[in-house]
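Here is the structure we will look at.
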Amino acid sequence: MVRGIVWFRNDLRLHDNEALTDAIRTCEEVLPVYIFDIRIFRGYTKYGFRKADRHRIAFIIECIQNLSDNLKAIGLKLYIRVGKPEEEIYNLAQDVKSSWVFCNRERTQEEVNVQDKLEDKLWTIGQEIRYYRGKMLYHTADLPFPVTHTPDIFTNFRKEVEKFVKIRKPLPSPMASDVRPISISLDFGEIPSLSDFNLSSEEGDIKVVEGGESAALAQLDKYLWETHRVKDYFNTRNQLLGNEFSTRLSAYLAKGCISPKYVYDELKRYEAAEGSNKSTYWVFFELLWRDFFRLIGKKYGNTIFQEGGTAGRYEKEFKEDWQQAEKWMLGQTGIPFIDANMIELNRTGFMSNRGRQNVASFFINDLKQHWLIGAEYFESLLIDYDPCSNYGNWNYIAGVGADPRENRYFNILSQARKYDSDGSYVKHWIPQLQSLDTSTVHHPSVNQVENYVEAMVPFETWRR
Ligand SMILES: Cc1cc2nc3c(=O)[nH]c(=O)nc-3n(C[C@H](O)[C@H](O)[C@H](O)COP(=O)(O)OP(=O)(O)OC[C@H]3O[C@@H](n4cnc5c(N)ncnc54)[C@H](O)[C@@H]3O)c2cc1C
């Protein structure tokens, strides 16, 4: 009996899933598995933040619920554990006497460590991991350069790929008729809840996206075919307020609920049916950024997580002043544009791209704090946290990225007046500013700021 274990990680979908599709093709019986890795779900970053805070964990739990439902619809039952994948899957492989573990390969260090450890253990029992790809638009094998020669400048990368490299068609979801579930009786386990990770939702929390493949496909469908918002993306993408100014696909892409190749395929289908314009192109352009940061992450390895970034040096003046850092994190700096964005992040796990650029620049260039503190805080809070996109963008703003032209400074007041000209965004997240008019809302007096800058929450609440 040829049995295959399919290890789901950041590919929480049935469509365009190379590992799942190949396991079903090659094996007589298939067992899908998801392990809530305790090092992520209960772990802490170097500076002591939760590695994944409540918004992202709640989102992932929904993703797993949906994955389990979608697998069930094709006759497969998802095996679930909370633990260390290299131990849980190794034990399972012994118990069910599988032949292989199928998984989509991860490329960043922590994730690679886990797959390497599992691989070593499996070899001791004569089994191995079969790796697949599924994170990017482009298949690395199709690129005109080896990963180690990925251009350091985004524009050069884009020019080398966008016109010359074909994006492969996404694979269809497997059908029930293709699938044979495992015939051994097993304790499949239960999906944990937030409280299993010592977390709970907090007053004022707002859910911005529903987790899972089904919701991801529906979101894309809505953005393209239902509302046609995609036709205006180029003009709306820098907005701040609401859910419709950009695709809101990032969390789905980060956890692999939707495949970037599928998004591209749908974009092309949309353009063929409804016409193309700068906006429809620009969604693809942004997805190229995502591939670019992933390739840079592969090219430079761990350096993206280090102080000197891919440049190898950090030349800015910096400090680690936790009182100031805390004000930034809590949205209590007294600068409404910064605070509104940070309050949004804390309450939803999401922030617009424009907001992220501004708060990161403010943290690094104005507060002169160490960029790694900010990056780790984002890592903890963001529902769409992706190691390469997060650290790649922080590298960029801190001026430690591979591109020599990097080093972004944002003038917060002029950005606020440009992108939130009537102040509705800051008033939405800081209702205490409601009565201010547009001339003062971004630059309130000390008295007006005191309306919302409260006594400091002890930092211990936020750190271990
Ligand atoms: C400091 C900082 C940290 C960031 N951290 C992350 C992160 O951890 N995860 C993440 O997915 N994005 C990150 N971004 C990029 C970007 O802000 C988000 O992808 C975007 O805001 C998500 O909203 P959306 O899905 O509506 O994006 P859209 O504007 O609709 O873009 C479509 C997709 O393109 C990709 N994309 C867009 N901009 C970027 C970019 N600058 N870099 C990489 N990919 C991009 C995303 O996958 C996004 O879903 C970060 C940006 C900054 C400045």
Practice problem: Could you grab me the full set of residues in region 39-69 that are basic (Lys, Arg), buried (at least 17 other Cβ atoms within 10 Å of the Cβ) and not in a loop (DSSP other than H, G, I, E, B)? | Solution: Arg50, Arg54, Arg56
Quiz item: From Leu381, Leu345, Leu330, which residue is farther than 27 Å from Ala216 by Cβ and either out of contact with any helix residue (DSSP H, G or I) (no Cβ under 8 Å at 6 or more places or on another chain) or not charged (D, E, K, R) (or both)?
Solution: Leu330
Quiz prompt | Breaking point among (1) over 18 Å from the mean Cα position of the chain (by Cα); (2) in contact (Cβ under 8 Å) with a residue 40 or more places away in the chain; (3) away from the ligand (no atom under 12 Å from the Cβ), for Ser279 | solution = (3)
Self-check item: Number of positions in region 383-395 that are surrounded by 24 or more Cβ atoms within 10 Å (Cβ to Cβ) and under 13 Å from Ala360 (Cβ atoms)
Solution: 4
Practice problem: Go through region 78-104 and count every residue that is in a strand (DSSP E or B) and not charged (D, E, K, R). | Solution: 9
Practice problem: Could you list, in sequence order, all residues of region 22-33 that are surrounded by fewer than 23 Cβ atoms within 10 Å (Cβ to Cβ) and of a type outside the set (A, V, I, L, M, F, W, C)? | Solution: Asp22, Arg25, Thr26, Glu28, Glu29
Self-check item: Sole residue being at pLDDT 95 or above and touching a Pro at 6+ places or on another chain (Cβ under 8 Å), chosen from Phe350, Phe363, Phe305
Solution: Phe305
Exercise. Could you please find all residues in region 360-371 being touching a helix residue (DSSP H, G or I) at 6+ places or on another chain (Cβ under 8 Å) and either within 8 Å of the ligand (Cβ to nearest atom) or within 25 Å of Thr155 (Cβ to Cβ) (or both)?
Key: Ala360, Ser361, Ile364, Trp371
Self-check item: Filter pass, Gly355 being near the ligand (Cβ under 10 Å from one of its atoms), farther than 22 Å from Thr303 by Cα and crowded, with 21+ Cβ neighbours inside 10 Å
Solution: yes
Quiz item: Mind checking which residues of region 372-396 are near the ligand (Cβ under 9 Å from one of its atoms) and aromatic (Phe, Trp, Tyr)?
Solution: Phe378, Tyr385, Tyr391, Trp394, Tyr396
Exercise. Please enumerate the residues belonging to region 161-206 that are over 25 Å from Asn104 (Cα atoms) and crowded, with 16+ Cβ neighbours inside 10 Å.
Key: Phe197, Leu199
Quiz prompt | Glu202 under 19 Å from Met351 (Cβ atoms), more than 16 Å from the ligand (Cβ to nearest atom) and among the acidic types (Asp, Glu) | solution = yes
Quiz item: What pairs can you find where one residue is in region 36-48 and touching a residue at least 12 places away in the same chain (Cβ under 8 Å), the other is aromatic (Phe, Trp, Tyr) and in a helix (DSSP H, G or I), and their Cβ atoms are less than 7 Å apart, with a gap of 6+ or different chains?
Solution: Phe41/Phe197; Arg42/Phe197
Quiz item: Does Glu344 count as buried (at least 20 other Cβ atoms within 10 Å of the Cβ), at pLDDT 95 or above, more than 9 Å from the ligand (Cβ to nearest atom) and among the acidic types (Asp, Glu)?
Solution: yes
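The values are calculated or read from the model by the stated rules, or taken from the named source; none is laboratory data. Keep in mind that this is a model prediction, so the values were computed, not measured. Positions of Cβ are backbone-derived with ideal geometry, glycine not excepted, and every protein chain shown enters the neighbour counts.
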